[in-house]
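Below: one structure, written as structure tokens.
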Number of protein chains: 2
Amino acid sequence: MKQQEVFKAMADPTRRAILKRLQGGPLTAGEIGEAFDITPASLSHHFAVLKHADLVRTERRGQYIVYSLNSTVFEDLARMLMDLFPTKGKAGGK
Amino acid sequence: MKQQEVFKAMADPTRRAILKRLQGGPLTAGEIGEAFDITPASLSHHFAVLKHADLVRTERRGQYIVYSLNSTVFEDLARMLMDLFPTKGKAGGK
DNA sequence: TAGATATTTAGATAATTTTCTAAATATCGC
DNA sequence: GCGATATTTAGAAAATTATCTAAATATCTA
């Protein structure tokens with residue numbers, strides 16, 4: 001897992017809002033974009049960052065491209081934090 | 001909790017390394033700096049960002065300033081992630 | 001108090017990131 | 001195939017961030 005990519009991806013509020021929108025299930029790029037006052041090109045850049053961090057997955061469905069959360073990265077992220085902060089019960093990881 | 005500040009703080013690799021160094025316990029600014037090839041002024045900037053995000057706490061000890069992890073933010077951060085990703089067992093939060 | 005050490009603040013520069021416009025690519029429906 | 005819609009790519013401008021040097025502040029020791 002690319003730790004740097006993930007944290008960088010999460011650092012932008014627009015991208016976090018995109019992830020949040022995807023909580024309800026997969027959406028097309030256009031549907032996601034409706035919520036933001038930003039050009040499709042800028043949105044697309046954010047998608048690329050999220051995808052590069054493996055936080056979202058894409059699937060082309062005809063004319064549309066459908067984005068969905070990659071929830072397995074959530075666990076990686078949690079582990080990452082565990083590794084970054086001292087655990088209460090047990091001695092710190094590596 | 002300032003979500004934006006926390007994520008922004010975590011986005012920089014030097015700052016994550018600082019947090020990691022603090023896992024072993026409190027250290028002075030100088031002790032932390034030994035590990036990095038960066039000027040004290042730049043280090044100080046990173047400390048300010050971490051402090052602003054409430055990820056570290058400071059205490060002056062004579063000539064030195066001692067930095068330590070604020071582990072309570074860890075839990076906030078975990079919650080933040082829980083809120084950002086769909087939970088497996090139970091329906092997503094707010 | 002004066003000089004030394006530790007750290008921060010101020011201001012400038014360099015690097016990165018976000019956003020835009022314009023153009024390209026892909027798919028659909030006719 | 002052609003025009004319309006959906007999305008991405010390319011390249012540039014604007015905003016933000018990381019880093020530096022120089023100077024300021026705080027504390028220690030002699």
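The values are calculated or read from the model by the stated rules, or taken from the named source; none is laboratory data. Just so you know, these numbers come straight off a predicted model, no measurement behind them. Don't worry about glycine lacking a Cβ; one is built from the backbone with ideal geometry, like all the others, and counts go over all protein chains shown. Accessible surface areas use protein heavy atoms only, side chains included; no ligands, DNA or RNA. Shrake-Rupley method; radii C 1.70, N 1.55, O 1.52, S 1.80 Å.
In region B:45-59, how many are in a helix (DSSP H, G or I), more than 8 Å from DNA strand D (Cβ to nearest atom) and open to solvent by less than 60 Å² (accessible area, probe 1.4 Å)?
Qualifying residue count for the region: 3.
Return the only residue of B:Met1, B:Met82 being in contact (Cβ under 8 Å) with a residue 60 or more places away in the chain, under 21 Å from A:Gln23 (Cβ atoms) and either among the hydrophobic types (A, V, I, L, M, F, W, C) or away from chain A (no Cβ under 14 Å) (or both).
Every option except B:Met1 fails the conditions.
State yes or no: is A:Arg57 closer than 17 Å to B:Leu81 by Cβ and of a type in the set (D, E, K, R)? It is false that A:Arg57 is closer than 17 Å to B:Leu81 by Cβ and of a type in the set (D, E, K, R). Does region A:17-33 include one or more residues that are open to solvent by 30 Å² or more (accessible area, probe 1.4 Å), without any contact (Cβ under 8 Å) to a residue 12 or more places away in the chain and not in a helix (DSSP H, G or I)? Checking region A:17-33: not a single residue is open to solvent by 30 Å² or more (accessible area, probe 1.4 Å), without any contact (Cβ under 8 Å) to a residue 12 or more places away in the chain and not in a helix (DSSP H, G or I). Please state which one of B:Val56, B:Val66, B:Val73, B:Val6 is among the β-branched types (Val, Ile, Thr) and within 9 Å of chain A (Cβ to nearest Cβ). After ruling out the rest, the residue left standing is B:Val73.
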